[in-house]
Amino acid sequence: MDDRPTWARRISSEREARGWSQARAVTAMRLHSKSALPSDDSLLRSWKRWETGAAKPSAQYQSLIAAVFGTVTTSIFPVEGRRDASAELAVTGMETYDILSRLQTSDIDSSMLEALHITTDRLASEYPYMPSDQLLVEGRQWLRRVAGLQSQRLTLSQHREVLVTAGWLALLVSCLEHDMGDIRSAEATRRAALALGHEAGHPEISGWAQEIRSWMSLTRGDLRGVVAAAQEGRELSAGYGVDVQLAGQAAKAWARLGDRRQTELALEEGRKALERLPHPENLENHFVVDPTKFDFYAMDCYRRLGEDALASNLARVVIETGTDFDGTERMPMRIAEARITLGVAAAREGDLDQAIAYGDQALESGRKSIPSLLMVSRDLTEVLRNRYASEKESTEFLERLSGLRP
């Protein structure tokens, strides 16, 4: 087994995926530096030590290495940090029963609003793995409860907090409705979230409403619509995490349009924006853009551009970072799409059995965004039909895939 630190293995795999020698990687690092660096011999010695895990790069070199490989520093050198929303709620002294009781008696104060905020954070943190239908029921219930507070007598600040909480819940419900294929409801809820964001003067909520619009456009093949929604959203939410995800959505659209230059420009804009942001407190929240989510977006782009080595390397990163030590998949939807990516690469390399094995693993995922998985699976469908149309295994897999419906 490779017992090197994760960051050392990542440096090696990124370099090898590009077919670079260590000397070529050092040259690339020098091109990204705005200040003078030591000699090539000195840098090469350091690079060799980094790849073996004998020494960890300093902060300066960590950011340069990330830039060389088109990602952000904390993707290769992660900062540990997971917040337990349930534990925070317990600190407030309020369980769900207490919150509901006070909602019914109109007993609204700052602690009550904070408890609602933490509950909303918990629901958004359950999005990656909780069954869609189960989380949708709970999300809609809380949205109705919070929306009902607007009719009560509130101070101006309390009114805004209610609007903000309702806005986040509406965003979550819209995502879940879209995952389940209820496109009309998802769009209506998205518009409600956009209106709540505007009324509350909350650019981040407004930006996420536009991000959902771009995502919906992407899954139905309206690529120009993706770019338009991303541009509008970025104008609303510059400086927030959603700005990074909007750039990622635009990159995915440009990749599907076959425009490599615009794809790379959008990815670089997103990378730089994410590098400037503070490390998020809660990496589990769906409405937080973490470094691994950016790698997930880049993986999709490279697969579409036919850069199978780069896409496969990132797919393995997505699977590793989305899986706990005990094998529990914390990010099953991302992992499913990563497996499709590995399946596409295997099919292009002539390994049909491996391609179908990865495809079946993706279809077996318990938590799915059906529109997104169908969209990504089209890449595997295309290569199977073009290269293996007469193979029984290919035909049978395509039949299984055809049964994947919203």
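Read-outs: derived from the displayed coordinates by stated rules, not from any lab. Computed from a prediction, not measured in an experiment: that's the story for all the values here. Because the Cβ atoms are built from the backbone with ideal geometry, glycine has one as well, and the counts that use them run over all protein chains shown.
Screening region 283-304 for residues that are touching a Ser or Thr at 6+ places or on another chain (Cβ under 6 Å) and assigned to a loop (DSSP other than H, G, I, E, B) and picking the one that is farthest from residue 211 (Cα to Cα) gives 284.
Condition check ((1) part of a helix (DSSP H, G or I); (2) hydrophobic (A, V, I, L, M, F, W, C); (3) under 30 Å from the mean Cα position of the chain (by Cα)) across all residues:
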| site | (1), (2), (3) |
| --- | --- |
| 14 | yes, no, yes |
| 38 | no, no, no |
| 50 | yes, yes, yes |
| 55 | no, yes, no |
| 75 | yes, no, yes |
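Are any of the residues in region 345-354 surrounded by 23 or more Cβ atoms within 10 Å (Cβ to Cβ), assigned to a helix (DSSP H, G or I) and touching a Cys at 6+ places or on another chain (Cβ under 9 Å)? Scanning region 345-354 turns up no residue that is surrounded by 23 or more Cβ atoms within 10 Å (Cβ to Cβ), assigned to a helix (DSSP H, G or I) and touching a Cys at 6+ places or on another chain (Cβ under 9 Å). When 220, 160 are checked against the criterion of being within 23 Å of residue 236 (Cα to Cα) and touching a residue at least 40 places away in the same chain (Cβ under 8 Å), 160 stands alone in meeting it. As a summary of the residue check, residue 363 satisfies the conditions (1) of a type outside the set (Ser, Thr, Tyr); (2) more than 23 Å from residue 176 (Cα to Cα); (3) touching a Leu at 6+ places or on another chain (Cβ under 9 Å) except for the one numbered (2). Before we move on, is residue 382 outside any loop (DSSP other than H, G, I, E, B) and more than 27 Å from the chain's Cα centre (by Cα)? No; evaluated as a whole, the condition is false for this residue.
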